[in-house]
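Quick note: the coordinates plus some simple rules give every number you see, no bench work behind them. Worth saying up front: this structure is predicted, and the values here are computed from it rather than measured. So basically every Cβ, Gly included, is an ideal-geometry build from the backbone, and we count neighbours across all protein chains shown.
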Amino acid sequence: MRSQPFTYELPLSGGLPSVWDSHTTRRLSSMKGQYLDQAAYETMLAREDTLLYEVYEIKRPEAAGELLQGISFIHPGKVGDEYFMTKGHFHQILDTGEVYYCLSGQGLMVTETPEGDTQVLEFRPGRVLYVLPRWAHRSVNTSPTEDLVFYFVYPANAGHDYGTIEQKGFRKLVVERDGQPTVIDNPRWKPG
Ligand code: PAN
Ligand code: ZN
């Protein structure tokens, strides 16, 4: 791991960063129960375990004061009417925020608090999205053809709580209606 201050390049066009230490891939099979149209999910999965998104991260000690950073590429596509999206999570240390900087593509970030406040933010190239501490976040690619690409930075000790979202889902979903990205209430959202 680097022990001196360092630099790296981040292409403004949304290409790969010049350095990274880990490359995480998430496929359809890791999203069981998350998409609204379960029949469409099963049919698609039976055909192929499609690659939904990829994350490149630079390793740092998971210690207070350090920052984790990287780039995510959310590929275009839909499961039924619902766009490809990240799993989404709360940070394990709930009181930690995150900065996202959109490099290319288009999409929406769905956010919510444990108390039930919700907010949907729009990704645009050149736009910063600031995730407040306590807000769960999921990134949704609404382009039919292009990757959604963003840089992110968050406290290295934050950790990820995926379980809460896996069990309850997000309160809001992003689906295509009449050819347009549309935010709807999640009919399967469970309070408990
Ligand atoms: C991001 C996300 C990344 C993938 O680095 O981890 O975009 O999303 P999931 O972690 O929900 O699969 C971030 O928010 N880190 O905290
Ligand atoms: Zn996060």
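Here are a few things to note about the model shown:
- Checked across region 124-141, the condition of being among the β-branched types (Val, Ile, Thr), assigned to a strand (DSSP E or B), away from ligand 1 (no atom under 11 Å from the Cβ) and surrounded by fewer than 19 Cβ atoms within 10 Å (Cβ to Cβ) holds for at least one residue.
- Inspection of region 84-104 finds no residue satisfying the criterion of being closer than 30 Å to residue 44 by Cβ and over 15 Å from the mean Cα position of the chain (by Cα).
- Qualifying residue in region 61-68 (condition: under 20 Å from the mean Cα position of the chain (by Cα), away from ligand 2 (no atom under 16 Å from the Cβ), closer than 25 Å to residue 152 by Cβ and surrounded by 17 or more Cβ atoms within 10 Å (Cβ to Cβ)): no
- Region 79-100, residues that are more than 12 Å from ligand 1 (Cβ to nearest atom) and either over 25 Å from residue 144 (Cα atoms) or surrounded by fewer than 18 Cβ atoms within 10 Å (Cβ to Cβ) (or both): 80, 81, 94, 95
- Selection of region 86-107 for residues being part of a strand (DSSP E or B), within 16 Å of ligand 2 (Cβ to nearest atom) and in contact with a Ser or Thr (Cβ under 9 Å, 6 or more places away or on another chain) yields 89, 90, 100, 107.
- Selection from region 23-80 of residues that are basic (Lys, Arg), touching a Leu at 6+ places or on another chain (Cβ under 7 Å) and in contact (Cβ under 8 Å) with a residue 60 or more places away in the chain: 26, 60
- Any chance residue 172 is crowded, with 16+ Cβ neighbours inside 10 Å, over 26 Å from residue 57 (Cβ atoms) and either within 16 Å of ligand 1 (Cβ to nearest atom) or over 17 Å from the mean Cα position of the chain (by Cα) (or both): yes
- Test: residue 110 is within 16 Å of ligand 2 (Cβ to nearest atom) and under 12 Å from the mean Cα position of the chain (by Cα): yes
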